[in-house]
Each structure stands twice: as C-alpha cells, then as structure tokens.
Amino acid sequence: MPERSGILFTAFEPSGDDHAAVVIAELKRRWPSLPIFAWGGRKMEKAGATLVERTGDQAVMGLPGIAKILEHVRINRRIEEWLDHHRIALHIPVDSPDANFPICAMAKRRGAKVMHLVAPQLWAWREGRIKKLRRLTDLVCCLLPFEEQWFISRGVRAAFVGHPLFDVPLDVASLDARAAAFGSGQPKLALMPGSRPAEIRRSVPPLLDAFARLKADYPNIRGIMPVTRAAVEDDVRVMARELGGWPEGLTVVVGETDAAVRWCDCALVASGTVTLQVARQRKPMVTFYRFGRSLQLPYWLFGRLMFTTRMFTLPNVIAGRRIVPELVPHFGDGEPLALGVHRILRQPGLADQQRQALDEVCRKFEGVSAASRAADEIERMLGLVPAAGAAAPPAAPAVSR
C-alpha cells in the first residue's frame, strides 16, 4: 500500500450502516488487509471495519434541532483530530449529506479523495448544493438508475452501481415461515413508520388513525408494524397510549420488515428506502411523508421553491410516473391514508396494475450487484489491482446511458 493508505467510512443513520456494510464486506473479501475505519454502526463493524466511534443508533427519540447540530459539531471535531493522525487515501461518506459535507471538506484539505457511496438526493430538493458536491467529491455512486445521467449532466462524475437492497435474493421459504407466525386477518395490512426518530414521531399518529378507520370498515383486519429495535416499539406504544390506546388487531414486530411485507395484502408506508423493500415483493402500497404542523405554513410559502421534483416516493421517481399513491407532504390525519388502502382493496384491477408497474421498476436492478460495482469503483480510485496470479474481480456490466 502507498504511504497514504486506508479508507474512512462515515455514516450517521441505520440506512447508511446497511449500505456501507455490504461494500465493506466485499472489499474485505477482495483485500483482507486493506485498512478500513468507520464512524458507523454495528453492521459496518461486523463486515470488517475498525469502528472509531459508533453512530446512528442513539436513543430512538433523538435530539432534534440545535442539540443535534451541536452533537455533529462535536463529532466533526473528533473526526478532524483523527484525520490529523491518520493519512487516509479515501473518504467514503454514506448518505446524510448535511452531516457528511463538512467531513468531506476535511478529507479534501488533507489530500484524500472522496467518493459518495449514496448520491445526495439533490434531484428532489436543494439542487443549489450541486456546486458544493462538485467541489467535495471525486465520484458519486448512484443507487438509482436515473441518477447517473442527472449528476453527469451537471458536471459531477457519477456511476450507477445499483441498490444493495437487490443484491441478496429473498429467502422466500424463511419469510413464509416467519410470516405465518403473524396470524391471519382480512385484510392484512403492514404499517411502516420509517426509521429516523423524527419520522417515527410524525408517522405513527396518522398510521394508528388510519388503522382505526379501516377497522370500522373491515372488522377482521389485522395489522403488523415492523420496527428496527425494541426501543422503538416502546416509544410507539407510549405514543399510542397518548392517542387513546393501542388498537385491537395491531402487532409490533422487531427486525421483520421483509417478513411483514411478505405477509401483508397492502402496506401503508412512510416514504423512504423501505418503499423499495415493499416494491421488491410487488406488494401494493400507499405512501406518505408527514411534516410537522409547524412546517405547514413555511412549506406552502417556500417549500415549492426548494423541491425540484413532482414525485418523492422512490418507485414513482424511478418509473418516471405516479404508479404508487403518495401523500407528500402530508399534514393531516389518517383519513386519506385509509381511503388509499380502501381503493386498492376495492377498486377492480388497481392492485394488479400497481404490482405490474412495481415489477417494471424492480427489473431495472436485475443483474446489478451494488456491492461489487461500488468495490470496483473504490479499487479504481485507490489504484488497487489483484495480486499476480489471483483471480480478478468480475467486471461490472455495462451501464446504459
């Protein structure tokens, strides 16, 4: 390895931990002695990274606003001090652009290259940050098919690597067995409140309200709410008590998102990466993203100037058309969510139309290994080549442009 060696990953959310872990595992498979350090989560550590500090798994009800900003200021100081003593060759920020941009600048000032593992969603909002991104990156790895050309056309070097969600085939037999434990119902509804603390606080009230409204029309309805950690379940139940009590027929499960999707007839989903998990199993869904009421007036006054896309739900954005009902932004209660589910269940052909459209979206990821392609790009940036006599990593398939 050259004098400047090693990689630093920085991730600050559970989704970032997921995305980085599969790439780290692939790099360690190819280059077991490659130094990989991380501010990240448990999955990154398990994949082989040396964890400098754990991030992304703080108390689930988190610290919003100024407290969170100050927390990241303190983290940045520690990262800067660490960088002064470790001459890394490559910094790989994972998602969370606002948290990661200052770290990219630190790495750049110290002569390291920067490769964004997840493309910042500038195509959706705050496109003005493209100049900052252009200055603070050597390559953007794009998880979504349309992103590569979007960034290239704006002067940012980019490559479509695929989405790690599609890298590993679903173990259908295992999912069926786990889903069977959830019991029966008519209909069966999955309620997905998101993974970030603020999302959960905002999403749970309309989800519970929607379930109660649907319960009035479908007395035998059964609901499953998958969450990431047991602490989240505790918080959800506290919110339910404050809202009048836990609804009959609804169960919370921990770490069983794919099984819940397998089990359900339809899903109510807080818009985000989880919509691709639902799409992967071709399950009809209604999506929403609920802003706090304090943001309602600012959104109507200024929000439309910040957002540059007509659609936000990933299956819709990838398809280039509205194939999934989306309520973004949503400031109200659960009534429109319940109405969306009711239409899918009752309107002839609607569920099948959505399944067919979701199948078209998922086929865009066929034959693409995100972990392998991202590792290929990292090798190129570091100038790594397989040792003499060793098998070279498989070449990435050509990307349609």
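A few remarks follow.
- A count restricted to the range 131-152 and to residues that are surrounded by 15 or more Cβ atoms within 10 Å (Cβ to Cβ) and part of a helix (DSSP H, G or I) stands at 8.
- Test: residue in the range 288-305 that is small (Gly, Ala, Ser) and modelled with pLDDT of 95 or more: no
- Cβ-Cβ under 8 Å pairs, at least 6 apart or on other chains, the range 165-182 side under 22 Å from ALA21 (Cα atoms), far side in a loop (DSSP other than H, G, I, E, B): LEU165/THR273; PHE166/PHE365; PHE166/GLU366; PHE166/VAL368; ASP167/SER369; LEU170/GLN281
- Qualifying residue in the range 231-248 (condition: among the β-branched types (Val, Ile, Thr) and closer than 28 Å to ARG355 by Cβ): no
- Taken over the range 212-235, the criterion of being closer than 13 Å to MET192 by Cα and of a type in the set (A, V, I, L, M, F, W, C) is satisfied by ILE224, MET225, VAL227, VAL232.
- Selected residue (criterion: farthest from PHE160 (Cα to Cα)) from residues of the range 360-376 that are surrounded by 12 or more Cβ atoms within 10 Å (Cβ to Cβ) and not small (Gly, Ala, Ser): GLU360
- PRO93 vs. criteria within 24 Å of PRO164 (Cα to Cα) and modelled with pLDDT under 95: no
- The C-beta contact set for the range 216-238 (first residue under 19 Å from GLY183 (Cα atoms), second residue of a type in the set (S, T, N, Q) and outside any loop (DSSP other than H, G, I, E, B), distance under 9 angstrom, 6+ apart or interchain) comprises ARG222/THR251; GLY223/THR251; ILE224/THR251; MET225/THR251; PRO226/THR257; VAL227/THR257.
- Just one of the listed residues (GLY128, GLY155) is more than 22 Å from the chain's Cα centre (by Cα), in a loop (DSSP other than H, G, I, E, B) and surrounded by fewer than 22 Cβ atoms within 10 Å (Cβ to Cβ), and it is GLY155.
- Criterion violated by GLY111 - all others in (1) free of Cβ contacts under 8 Å to residues at least 60 places away in the same chain; (2) outside any helix (DSSP H, G or I); (3) of a type outside the set (Asp, Glu); (4) closer than 24 Å to GLY6 by Cβ satisfied: (1)
- Residue under evaluation ARG29, criteria (1) under 17 Å from GLU377 (Cβ atoms); (2) surrounded by fewer than 20 Cβ atoms within 10 Å (Cβ to Cβ); (3) of a type outside the set (A, V, I, L, M); (4) at pLDDT below 95, criterion not met: (4)
The values are calculated or read from the model by the stated rules, or taken from the named source; none is laboratory data. Computed from a prediction, not measured in an experiment: that's the story for all the values here. Reconstructed Cβ throughout: ideal geometry from the backbone, glycine too, with neighbour counts over all protein chains shown.
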